[in-house]
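Chemist: One structure is given below, represented as structure tokens, and several questions about it will come after.
Any read-out appearing in this document is the output of simple, stated calculations on the displayed coordinates, not a laboratory observation. Because the structure is a prediction, the values reported are computed rather than measured. No Cβ is skipped: glycine too gets one built from the backbone with ideal geometry, and neighbour counts run over all protein chains shown.
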Amino acid sequence: MSAEYQVHGAVAVIVLNNPPVNSLSLATRKGIMDGLEKALSDDGIKAIVITGAGRAFCAGGDIREFNTDKTRAEPHIHSLIRAVEESPKPVVAAIHSICMGAGLELALGCHFRVAKPDSQIGLPEVKLGLSPGAGASQRLPRIVGVETALNMIVSGESMTSQTLANSGLFDSMIEGDLVPGAVDFAERTVAEKRGLPKVRDIKIKYPNYEAYFQFTRNSIGAVARNYPAPLRCVDAVEAALTMPFEDGLQSELDIFFELMATRQSKALIHSFFAERASSKIPDLPENTPVRDIRKAAVIGAGMMGSGISMVLMNAGIPVTILELDQGGLDRGVAKIRSIYEDSIRRGRLSRDKYEKRMSLLSTTLDYSAIADCDIAIEAVFEDIQIKKGVFEKLDSAMKAGSILATNTSTLDLNKIARFTTRPQDVIGAHFFSPAQVMKLLEVIRGEATKKEVLATVIKLAGKLGKTAVVSRVCDGFIGNRMMEQYSRQAEFLLEEGSTPEQVDEAVEKFGFAMGPFRVSDLVGNDVILHIRNRWDDEKPRIRYSKILELLCAADRFGQKSGAGWYDYKPGSRHAFPSPAVSETIRKYREATGIVPRNISSEEIVERLVYALVNEAARILEEGIALRASDIDIVFMMGYGFPPWRGGPMFYADSVGLSTILRRMRQFAANPHADPEFWKPAPLLVKLAADGARFSEGGMPL
Ligand code: NAD
């Protein structure tokens, strides 16, 4: 039973009860319809209230049922809303907490709406690559006006019920208990004979709407290039002005189903579920105890340490930063201030909040000052000996039970844990740069990390507004290990005939935020080479192109030195193709006997993306990542993989694993290829042979 039926005097109250957020699954729709029929057949009932149990009025349709027969099965959402709208007894929506998507559409079908202040009202369908599908594009503009409705539908952002209090959407705001207030309101509508007003009957007016819609299309078209949904949402709302109501409704439904079939929508829905799955760890039951994190320490106030401190302060957690010397502390604090002040200038942060956040910050040069912190997050130089010194000091200074976390990008977490007498309390918290912006947190679980410590850091990630993905220990963890193969392959492409700009343009056209050579110039070519050389010491030798070394030997470190894979003008980040780099590559080819050839954009993208996919398959079979969808999250949130392609694994599934395997074999046959590079991961071979996909075969439950 997904909706309860209660009787309050002459008012029936139908309570949606489909935890956690009362989504309108087929069963819930049936429950509401049954309640409605019961109320209509009972002469003692004069009015009906619809509300939701627990944490939401209703968060919308049931996404799990999208693309299944259940979406179209009766009572279809349209039939339900029609039944509510045509009810001969007044129906009142009693809204609280969350009223989104189809939940709002159901409320728009009711004759009256009452709401608690602070309810979140929105139509987030566009974030899943969809348009509203149950009348919002036709009803909402009639009641709140075309511009407000269009903004809500196209942005997918929610608004509070107070913000909308004077929009006409609500007939009353209820400060006290909602259900008694709504029942009282329903009784009054009957007593005052207020009739059965229908939103669909409101006359919609917007003079010169053509110009407004054209303007909107121009601005949206410029930013939503790879996403069809926003522009189709505009079409849906325009139909409210140009078509009779019923035709507009049908047009909206056609758009909804058209969008549901797009790969963009499928990818975004995949990401939605992937994000929710990532914090579920099979051997970490929900009742795993967690430690309280009330105070934190951050070691090192460089680029990452200052960002991580801000993330903690933004979440209201007091932070003490520890550095080598006063200069380091001063630089870190100045950086934090300047980032906050920039946010104030842009109107994104109030001075009041800024002061509150800064009041949570303290600094020290002395480990005894952080002894009672519940967690220390280390972000010092990427050097195992320096980390050793820091972890030994943390171990002796910090109270029992404190969590010792490291932000290392590549170093062996198990080794770091063994520098302490409490390896069970050591964990990796790999933030991405800039930490205060990037949503991803790779959580590295060492061989000794206690479950309680892992559960605490995953919970902390949620508090910090981050999405946690758990990785086991290996060189580079999930993300950087895959990126290493991607960068290697990118440089092999240069050896064979591509230019850095051809490679960058091809992958940027594919949808990556930035191509590999622009990224390399941003991160620092010397930093990348340093990591490679260290890996060379610890790992069996693998072949790298020598071009990066040649660049570093010429002090072409990237943006910071004004020259890298590209040339830069002082004070600008704009990358210009570099004649010097072309010459270096040409000479290198000549010296190694490579006759360059034209490499198509298609081949560039295939080689780079399949390099990611093959390494990801190894990461999965080694159990470094728990599931394919975790890898997708890491790449979309941490490395600029286009979200509308759903991440490398989802994309690989859509290409077909046997196609990928066939192409990899062709690449391996290329006379300049490193034969080791294209050796397929056994999991990839197996899945391709079985005609399976990563999202099935690669995803343990
Ligand atoms: P950084 O050079 O900007 O900052 C390092 C800071 O640590 C400096 O301020 C330095 O004074 C301080 N420090 C050095 N030794 C110390 C010690 N013994 N005690 C206290 N402070 C000390 O470096 P960063 O880019 O912030 O990187 C820090 C860590 O984060 C590294 O492990 C790095 O691999 C990792 N990381 C970096 C990025 C990135 O994009 N930069 C991303 C993820 C992770």
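Chemist: Only counting other Cβ atoms within 10 Å, I'd like Asp630, Asp690 sorted with the fewest neighbours first.
Modeler: Asp690, Asp630
Chemist: Please enumerate, by chain and number, the lysines with C-alpha under 25 Å from the C-alpha of Lys116, excluding those fewer than 8 residues away in the same chain.
Modeler: Hits, sequence-local ones excluded: Lys46, Lys89, Lys193, Lys198.
Chemist: Turning to a different aspect of this structure: Based on the mean of other Cβ atoms within 10 Å per residue, sort peptides 292-298, 647-653, 134-140 so the most packed one is first.
Modeler: Per-residue Cβ counts within 10 Å, averaged per peptide and sorted highest first, yield 134-140, 647-653, 292-298.
Chemist: If you don't mind, another one. Taking a ≥ b ≥ c as the square roots of the Cα gyration tensor eigenvalues, with a/c under 1.5 meaning rounded and otherwise prolate when a/b beats b/c, else oblate, which class fits the range 174-293?
Modeler: The shape class here is oblate.
Chemist: Hey, another quick one. Could you order the peptides 679-685, 597-603 from most to least packed, using the average number of other C-beta atoms within 10 Å per residue?
Modeler: Numbers: 679-685: 18.1, 597-603: 13.0.
Highest to lowest by the protection proxy: 679-685, 597-603.
Chemist: Still on this model: Hey, what's the Cα Rg ratio for the range 228-335 versus the globular rule of thumb, 2.2 N^0.38 Å?
Modeler: Against the empirical 2.2 N^0.38 Å value, I get 1.90 for the range 228-335.
Chemist: Continuing with this model, one more query. How big is the shadow of the Cα convex hull of the range 488-537, averaged over all directions, in nm²?
Modeler: 3.7 nm²
Chemist: Any idea which of Ser362, Leu40, Ile542 is furthest toward the positive side of the dipole for the chain, if Lys and Arg beta-carbons carry +1 and Asp and Glu beta-carbons -1?
Modeler: Toward the positive end, the furthest listed residue is Ser362.
Chemist: Relative contact order, percent, of the range 560-701 when contacts are C-alpha pairs under 8 Å separated by at least 6 residues?
Modeler: Reported relative contact order: 21 percent.
Chemist: Classify the range 479-595 as rounded, prolate or oblate, taking a ≥ b ≥ c as the square roots of the eigenvalues of its Cα gyration tensor: rounded when a/c is under 1.5, otherwise prolate if a/b is larger than b/c and oblate if not. Working shown, then result.
Modeler: Working: a/c = 1.29, a/b = 1.17, b/c = 1.10.
In terms of gyration-tensor shape, rounded.
Chemist: Roughly how many whole Å is it from the C-alpha centroid of the range 594-637 to that of the range 156-205?
Modeler: The range 594-637 and the range 156-205 have Cα centres spaced 52 Å from each other.
Chemist: Okay, moving on. Sort Leu548, Leu130 by Cβ crowding within 10 Å, fewest neighbours at the top. Present the calculation step by step, with values, prior to reporting the outcome.
Modeler: Numbers: Leu548 22, Leu130 29.
Final ranking by Cβ density, sparse to dense: Leu548, Leu130.
Chemist: Could I ask something else about it? At 222 nm, what helix-only mean residue ellipticity would the chain give, in deg cm²/dmol to the nearest 500, using -39500 (n - 2.57) for each DSSP H run of four or more?
Modeler: Helix-only estimate at 222 nm: -15000 deg cm²/dmol.
Chemist: Using only the Cα atoms of the range 602-658, build the gyration tensor, take square roots of its eigenvalues as a ≥ b ≥ c, and label the shape rounded, prolate or oblate: rounded if a/c is under 1.5, else prolate if a/b is larger than b/c, else oblate.
Modeler: Numbers: a/c = 1.65, a/b = 1.21, b/c = 1.37.
It is oblate, given that a/c is not under 1.5 and a/b is not larger than b/c.
Chemist: Which of the peptides 393-402, 12-21 is most tightly packed, and how do the rest follow, going by the mean number of other Cβ atoms within 10 Å of each residue?
Modeler: On the way: 393-402: 16.7, 12-21: 19.8.
Descending mean neighbour count gives 12-21, 393-402.
Chemist: Helix 477-496 versus the longest principal axis of the chain: what angle, 0 to 90°, nearest 10, using Cα atoms?
Modeler: The two axes meet at around 60 degrees.
Chemist: From zero up to wherever the largest Cα-Cα distance of the range 335-456 sits, split into 10 Å bins and tell me the percent of pairs in each.
Modeler: 12, 37, 32, 16, 3
Chemist: Here's another thing I want to ask about it. Can you give the percent of C-alpha pairs in the chain whose distance is more than 33 Å? Don't skip to the answer; put the middle values down first.
Modeler: Values: 142015 of 245350 pairs.
Tail fraction, whole percent: 58.
Chemist: Okay, next question. How big is the equivalent ellipsoid of the range 62-123 along its three axes, where each semi-axis is √(5λ) from the Cα gyration tensor, reported in whole Å from largest to smallest?
Modeler: Sorted largest first and rounded, they come to 22, 18, 6 Å.
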